[in-house]
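Student: Structure below; questions to follow.
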Amino acid sequence: MILTIKHISISQGQMKKEILKIINQIPIADTHEHLLEENDRLTGKNVPASNDIGLLFCQYVDADLIAAGMASGDLKKITDPKIDPEQKWKIIRPWWQKIRFTGYGRMVRETVRILYGEEDLTDSNWKSVNDGIKSTLKPGFTRNILKDVCRIDHCQINALDEPVFRETEFPDLFLMDLCDTFISSDFELKIAANLLDDEIKSFSDCLAAIDRAYELYGKKAIAVKNQTAYRRKIDYEQWTPQQAEKTFNFSAEEEWKMPRETRKPLEDYLFHYSVNKAAEYGLPYKMHTGFLAGHSEMRLHHLRHNAGDMSELCRLHPDVNFVFMHANYPHQDETIALSKHYPNAYIDMCWSWMINPAASVRFLKEFLMAVPVNKIFMFGGDVSLVELVPGHLELAELGIAQAISELVQEGWLQIGDVGGILERLLWQNVYDLFDVKRLLKR
């Protein structure tokens, strides 16, 4: 199909290429990563895979391998540092052909192309890729990949190796989330006690632990992050302090051994308490919504009600800006309605581009036709290993270019508006909502 723009005939494919040229000139504000500190990578601390071909298959794509039928025992061998890389490739090879077309598989292929100069993984080149992975791991590699390869302005980090907050060796690049999951809606006694340097003996101690977390980290954090959706519905009801305290006392009497769902009045109350503290500190509140990482555990009926529960939170806390992550896939339509109706509902497409690239293109098109353009964030790699960021970013940029070019082709957008829209999507929206300038040490 041919487009005519300002009396210039241009094909749909050429339009996409021109949009990609614009994208490649814009810095990327990365709103969600789990990246490890470089020193930990260099020393092998908390690393989920050995530094070989198995590294490419240790996060997200491993779930596709299991979904395709790989035995869990074989999957463990892929990330085992004691297993020879050649044996790992023999395990991967037959399954790679089955998963290489998924979003996760495409992320791996793009990473291989960008970082190691190969178009795919084959019998003839896997050793070259394996050598490239090994040679990449040296001082400065984190900054090189993020800044030089990916044009990333900064990354917002939800650290998984610390329960509440992690100090970073990259204050000019990593902005850290305060994670309230284990001191509120997924309450853990030990973590709360560590904050107070004392035992948790009463309901008021639970509140004091939350207070202490914000006192210590509230002014250092870029946002608050909660990921309890991995364990339960996000239907946070409003309970009285007396009901929450009664639940605490009962839990303590039972030595915290009763079914988790019996703690709901306490954990719901602590959740709302933390949300109010986020408002006090002026921090956006990020929430995992939608699809779950991993395999064989997801309860889809929980996901189905996410949007309704999200709308109730927006209604109850109008002074808090909620960032609902991953576009609530696979229930994106409700997310569009939510962010169109509530001023304090923002949507983050982090992780989305490699869950389902085609669905993400459709979602972005429909979102831009319904919701103010400032209500959405485009990219977060959502990975622990920095080597996986380039492949995911490439998927996002291709998807954004596809969505925008189709909207221009269909007459919904004017070509003259594209540059401004892309700047908003890729970094300006992030700077408008998050207090990035306060925290970046440059």
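Student: Are any residues in region 252-290 crowded, with 20+ Cβ neighbours inside 10 Å and either polar (S, T, N, Q) or in a loop (DSSP other than H, G, I, E, B) (or both), and if so, which ones?
Tutor: Within region 252-290, Ser274, Leu283, Pro284, Thr289, Gly290 meet the criteria.
Student: Quick one: is Asp120 closer than 21 Å to Val47 by Cβ and not assigned by TED's automatic domain parsing to the domain that holds Ala359? Walk me through how you get there before you give the answer.
Tutor: Details: closer than 21 Å to Val47 by Cβ: no; not assigned by TED's automatic domain parsing to the domain that holds Ala359: yes.
Taking the combined requirement at face value, the residue does not satisfy it.
Student: Which numbered condition trips up Arg143, out of (1) surrounded by 19 or more Cβ atoms within 10 Å (Cβ to Cβ); (2) under 20 Å from the mean Cα position of the chain (by Cα)?
Tutor: Against the list (1) surrounded by 19 or more Cβ atoms within 10 Å (Cβ to Cβ); (2) under 20 Å from the mean Cα position of the chain (by Cα), Arg143 comes up short only on (1).
Student: If you don't mind, another one. Give the residues of region 340-366 that are surrounded by fewer than 24 Cβ atoms within 10 Å (Cβ to Cβ) and assigned to a helix (DSSP H, G or I), sorted by residue number.
Tutor: Lys340, His341, Ile355, Pro357, Ala358, Ala359, Val361, Arg362, Lys365, Glu366
Student: Here's a check for you: in region 47-67, which residue that is of a type in the set (Val, Ile, Thr) and crowded, with 21+ Cβ neighbours inside 10 Å is farthest from Arg106 (Cα to Cα)?
Tutor: Of all residues in region 47-67, those of a type in the set (Val, Ile, Thr) come to 47, 53, 61, 66.
Next, from what is left, pick out any that are crowded, with 21+ Cβ neighbours inside 10 Å: 53, 61.
Details: Ile53: 16, Val61: 10 Å.
My answer is Ile53.
Student: Can you find even one residue in region 353-363 that is touching a Gly at 6+ places or on another chain (Cβ under 8 Å) and β-branched (Val, Ile, Thr)?
Tutor: Filtering region 353-363 for residues touching a Gly at 6+ places or on another chain (Cβ under 8 Å) gives 353-357, 360-361.
Next, from what is left, pick out any that are β-branched (Val, Ile, Thr): 355, 361.
Checking region 353-363: at least one residue is touching a Gly at 6+ places or on another chain (Cβ under 8 Å) and β-branched (Val, Ile, Thr).
Student: Sticking with this one: Sort through Glu245, Glu261, Glu267, Glu188 and tell me the only one that's in contact (Cβ under 8 Å) with a residue 12 or more places away in the chain and under 20 Å from Cys314 (Cα atoms). Reasoning before the result, please.
Tutor: Numbers: Glu245 fails: under 20 Å from Cys314 (Cα atoms); Glu261 fails: under 20 Å from Cys314 (Cα atoms); Glu188 fails: under 20 Å from Cys314 (Cα atoms).
None of the others qualify; the one that does is Glu267.
The values are calculated or read from the model by the stated rules, or taken from the named source; none is laboratory data. Note that the coordinates shown come from a computational prediction; the quantities given were computed from them, not determined experimentally. Note: ideal-geometry Cβ built from the backbone for every residue, glycine included; neighbour counts use all protein chains shown.
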